[in-house]
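One structure is given here, and the rest of the page talks about it.
The values are calculated or read from the model by the stated rules, or taken from the named source; none is laboratory data. Here the structure is a predicted model, which is why all the values come from computation and not from measurement. Cβ placement follows ideal geometry from the backbone for every residue including glycine, while neighbour counts extend to all protein chains displayed. Each accessible area value is taken on the protein alone, full model and side chains, heavy atoms only, with ligands, DNA and RNA left out. Shrake-Rupley method; radii C 1.70, N 1.55, O 1.52, S 1.80 Å.
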Amino acid sequence: MASPPLFRFAVIADSHVNPSEQDNISPFASHRLTNERLRHTVAMLNALGPAFVVHVGDMIHPVPEAVSYPRAVRQFRDTMAELACPVHLVPGNHDVGDKQADYVPAGAIRPEYVELYSRHFGEHFYGFDRQGCHFAVINTSLINSGLPQEQEQAEWLEADLAAHAGQRIFLFMHYPPFVATPDEHGHYDNIDEPGRSWLLAAVARHKVAAAFTGHVHNFFLNRHADTNFYLMPSTAFVRADYAETLHVGQPPEHENGRNDVAKLGVMVVDVHEERIVTQFLRSFGDGPERAAAQRDWPRLPPSAGELPAPGVELRHGWTVLYDIPYSSMLDEFRRKRARNDYPILALWEMGVRRLRVPLDDLLDVASRARMEAVAVQGCRFAVFHFGWPGEAALDAVRRHRHLLDELELVLRWPPAPDLDARLAAARERAGVPLVLSRFWNASGESRDGKQIKLLVDHGFTVDDELPAAPAADGLVFRIARDTSAHEGIARAAEAAEGRGLRAQVHVRLADDSPARAQHDEWRNTCRVLETALCSHFHRGHRVFLDTLGDVDRGYFPRTGLIDRRGNPRLAGRALRNLNGALSELPPVRTLDWHETTDGLLGEARAGEMVLLLPLPDTPGRVWHGPVPGLPDRCEGCRVDLGSGAQAVVEGDAGRLVRGDAGGPVLWILRPVS
């Protein structure tokens, strides 16, 4: 089990509180909900129990020149008074004025705005300490302003960081230094030069552990030198201009992306002796999902340590920079660039540690930089390549082996006689475990004239004649959609173990036909949960789900763990909560599957606990016992895997297992004598 943190803090951003519940000071209907959404966030924070909260700016919506500024401050203060811990505030551009630039849409910072902020909110740059860690807050609207306070803040920050050398330092600001790349041009959402380079140099020089920013109302992860920058989502609304990175339309209730409530929430940071663990928890604003605001599982983020959850295939481009169209709302004269980092956020919250990508990603400088940023959080990559990589590629694998779990080679079959010798040489040069996969195509299968097949795939099946003892660390197996995941994984593990190897098992969500869709979200969710429980049981092997995101165009259409907006589907939420529940238990030591008239039932043992995972054929179907091997009387809990909510159960609960229409369930039961 994971050791408890030294302490926990939380970060929120951009609450944009209105002067009153009735004031409609924005043209967007959802803006009327910002005050209520902050109240919901405060209740959520009180349940999480942090030692303190940092709000990284734009506490209120009226800008300093607005007559409603003091009334909005009072609304904000009244709401935050319900918070059960201290809150530290960071000035945002709505609180203290925009950065100094000719192209900004509102009034820039000036001395009277700084004085107004100080009167209502307190210091605008300062530091504080807790348990050997130092926390620094700066006013990024000052940077490049030419105001006297700019130099005062710069001198203070340099001295403050130097004075706390050797401690872990956390930095909080409103404007991020950059959104996509450190050399991007100045725009509404970043810090302009020369202030940007000064700040980044200071962060690198003083080895800041982590930096948190607001302003963009979306999640982005950046890394500079040894510091991760977490660009925070809002508690109130999403900046709709960045919806362009999603390449999918928005339903009317989303207000063109602004009211995509699945992207609202808080960041929880657990500070351990040897690491920090950041976890984003979705608040869901005020929508129907609000009651299911995410439960705080202890070991889901990869940085929390090892968890035998299944890995995922990253088929979609995950490092792409998108051009954001200029608009009259904020940036009218130049395009800015951004990535879609929501898939990364979803991976962390689901507990996924292993990602499968082409070797090309490692060899590309920009993509490798993204791999570095993700690896720092505890993820590792399985990189694959068709054919034999050249010496330069193998040398690159060796140089960056700290990012990798293994190198997967996909080879034509049958192989050349010198297979073992070439595998041994490649493994020695690469310096990482090497797994072997078999290339397959449809050559020769179109001869009947009924259908022309143009398909390629890879991986052994359990019915193939497997290599006797290749000079590799493992074999790749593919589990087709029409094969049950538990049967395929168990047979692959047995076949690999019989040769002293590790199985790497790819479980397909896609159909075998490129034209046939697999859009039944319930059945896909059941397949994901079946795969995940097997992954926790077969700990010495690697299991991958194919794939992370929906495929809604092209070939083999299917739903995934997240939709095209990067929001978790039922399968993603259920995987998150199953991994979370299992992370609190001893390792799964036994696993049996029972095929019944109601569907599939997984029965596992973790220590003295009995785990029941009923996967009915249809949602809401009643599951009837008795369950094989379960004593008459039990006590424990029942986890709704759709929401993470738990209910205590006792007595003979194990004799009748019900699946609710809202989602699948996991029973965690202790036999009672």
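Quick one: of the DSSP bridges fully inside the chain, what percent are antiparallel, nearest 5?
For the chain, the DSSP antiparallel bridge percentage is about 55.
By how many degrees, 0 to 90 and rounded to 10, does the Cα axis of helix 485-497 deviate from the longest principal axis of the chain?
70 degrees
What is the percent of Cα-Cα separations in region 37-125 that go past 21 Å?
Percent of Cα pairs beyond 21 Å in region 37-125: 33.
Under 13 Å from the Cβ of Y126, count the other residues' Cβ atoms, weight Lys and Arg +1, Asp and Glu -1, and hand me the total.
-4
Around G351, under 9 Å between beta carbons, what's the net of Lys plus Arg minus Asp minus Glu among the other residues?
It works out to a net charge of +2.
Relative to the present Cα-Cα distance, how much length would full extension add between E391 and A81 at 0.36 nm per residue of separation?
Gain on extension, E391 to A81, equals 105.4 nm.
I need the calculated FRET efficiency for the pair A204 and Q646, taking r as the beta carbon distance and R₀ as 56 Å, to the nearest 0.05.
E(calc), rounded to 0.05, equals 0.80.
What is the magnitude of the charge dipole of the chain about its Cα centre, with +1 placed on the Cβ of each Lys and Arg, -1 on the Cβ of each Asp and Glu, and no other charges, expressed in debye to the nearest 20?
So the dipole magnitude of the chain works out to roughly 900 debye.
Taking only protein heavy atoms into account and a 1.4 Å probe, give the accessible area per residue of region 516-616 in Å². Intermediate results must be reported in sequence, preceding the final value.
Working: 3220 Å² over 101 residues.
About 32 Å² of surface per residue is accessible.
Pop a pseudo-label 7 angstrom from the Cα along the beta-carbon direction at both R499 and H594 and give the gap in nm to one decimal.
3.6 nm
Within the chain, how many Lys pairs sit with Cα atoms under 29 Å apart, leaving out pairs fewer than 8 places apart on the same chain?
Working: K99/K207; K99/K263; K99/K336; K207/K336; K263/K336.
Summing the qualifying lysine pairs gives 5.
Can you tell me the length gained on complete extension of the stretch D464 to R429, counting 0.36 nm per residue apart and subtracting the Cα distance?
9.7 nm
At V320 and Y103, where each label point lies 7 Å from the Cα along Cα→Cβ, what is the point-to-point distance in nanometres?
It is 2.4 nm.
Ignoring any ligand, DNA or RNA, what whole percent of the accessible area of region 1-140 comes from carbon and sulfur when the probe is 1.4 angstrom?
52 percent
Describe numerically, in nm with one decimal, the distance between label points set 7 Å from Cα along Cα→Cβ at E112 and at R401.
Computed distance between label sites E112 and R401 equals 6.6 nm.
Quote to one decimal, in nm, the extra length available between A43 and E123 on full extension: 0.36 nm per residue of separation minus the C-alpha distance between them.
26.2 nm is the gain from fully extending A43 to E123.
Pull out a ≥ b ≥ c, the square roots of the eigenvalues of the alpha-carbon gyration tensor of region 477-570, then state rounded if a/c is under 1.5, prolate if not and a/b is larger than b/c, and oblate in the remaining case.
Numbers: a/c = 2.40, a/b = 1.84, b/c = 1.31.
Prolate, since a/c reaches 1.5 and a/b exceeds b/c.
Using the eigenvalues of the Cα gyration tensor, what equivalent ellipsoid semi-axes result for region 125-202 when each is taken as the square root of five times the eigenvalue, whole Å, largest first?
For region 125-202, the semi-axes come out at 23, 15, 10 Å.
With r defined as the distance between the Cβ atoms of R539 and E635 and R0 fixed at 41 Å, what FRET efficiency is calculated, to the nearest 0.05? Please report the intermediate quantities before stating the final value.
Working: r = 27 Å, r/R0 = 0.67.
Using R0 = 41 Å, I get an efficiency of 0.90.
Report, to the nearest whole %, how much of the accessible area of region 313-423 belongs to carbon and sulfur atoms, 1.4 Å probe, protein only.
Ligands and nucleic acids excluded, carbon and sulfur reach 52 percent.
For helix 195-205, what angle does its Cα long axis make with the longest principal axis of the chain, in degrees from 0 to 90 and rounded to 10?
Around 60 degrees separate the two axes.
Only Cα pairs under 8 Å and at least 6 apart count here; give the relative contact order of the chain as a rounded whole percent.
Over the chain, the number comes to 9 percent.
What do you get for the angle between helix 69-80 and the principal long axis of the chain? Use alpha-carbon atoms, 0 to 90 degrees, nearest ten.
50 degrees
Can you find, among L419, A162, I12, the residue farthest towards the positive end of the dipole of the chain? Put +1 on the C-beta of Lys and Arg, -1 on that of Asp and Glu.
Value computed over the given set: L419.
Once you have a ≥ b ≥ c as the square roots of the Cα gyration tensor eigenvalues for region 230-374, tell me rounded if a/c is under 1.5, and otherwise prolate or oblate according to whether a/b is larger than b/c.
Since a/c reaches 1.5 but b/c is at least a/b, the shape of region 230-374 is classed as oblate.
Trypsin sites (Lys or Arg not before Pro), restricted to region 540-588: which are DSSP loop and have at most 14 other Cβ atoms within 10 Å?
Loop-located and lightly packed - R553.
If you average 1/r over all unlike Cα pairs in region 84-159 and invert the result, what Kirkwood radius do you get in angstrom?
One over the average 1/r among Cα pairs gives 13.3 Å for region 84-159.
What residues of region 317-340 lie in the reach of a label at E244, counting those whose backbone N is under 16 Å from a point 7 Å from the Cα along Cα→Cβ?
320-340
For a Förster distance of 51 Å, can you work out the FRET efficiency between the beta-carbons of A416 and T181, rounded to the nearest 0.05?
Result of the calculation: an efficiency of 0.70.
Using all Cα-Cα distances in the chain, what percent lands in each 20 angstrom bin from 0 up to the longest?
That works out to 17, 48, 29, 5, 0, in percent per bin.
What percent antiparallel are the DSSP beta bridges of region 244-380, to the nearest 5?
Working: 10 of 13 bridges.
Roughly 75 percent of the DSSP beta bridges within region 244-380 come out antiparallel.
Kindly provide the helix-only [θ] at 222 nm of the chain, computed as the sum of -39,500 (n - 2.57) over DSSP H runs of four or more divided by all residues, to the nearest 500 deg cm²/dmol?
-7500 deg cm²/dmol
Grab every C-alpha pair in region 85-223, bin the distances at 5 angstrom width from 0 up to the longest one, and report whole percents.
It works out to 2, 10, 20, 24, 22, 15, 6, 1, 0, in whole percents.
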